[in-house]
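Quick note: the coordinates plus some simple rules give every number you see, no bench work behind them. Since the model is a prediction, treat every value here as computed from it, not as a measurement. Virtual Cβ from ideal backbone geometry, glycine too; neighbours counted across all protein chains shown.
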Ligand SMILES: [Zn+2]
């Protein structure tokens, strides 16, 4: 399973050279995995719709995928929207509300230093992949499958300008794919 961004430049099937039937792909703004949030009241059941969580449930519980890749990317508009104070695109501000879930990633990397705007955005893109990997483990069925050895979680990052794919190693460092 690949969890990717809706950005048209970051097509998982193209990046991984996959044929139909090979990848289960869930795409959303900024390739985010929300934290596990079961509905606790009937009202919540209606007001909270969990498209990504439903795809995750299907992939892990029904298809029993063995790998989940959170695929981040450079120049992500969702990440930029979060980091800048742009006005909402509509009064419902779906993007703003969706992106606010990466606040823990922003807190993890701290305030902007002297890396400049672009440098800060790149850091936040990597940090949001880390956050999604952590959020994946908040799903009981994901944690259970990982701990049983049947599922492995991966982070990856596509440089849309460079065409380079980076893969997160076991130390949490994103490295170019070899070969
Ligand atoms: Zn994006």
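Taking the condition of being in a loop (DSSP other than H, G, I, E, B) and within 13 Å of the ligand (Cβ to nearest atom), how many residues in region 1-36 meet it? Here the count works out to 10. Listed by position, the helices (runs of 4 or more DSSP H) inside region 37-97 whose residues that are within 15 Å of the ligand (Cβ to nearest atom) and exposed (fewer than 12 other Cβ atoms within 10 Å of the Cβ) number at least 1 form an empty set.
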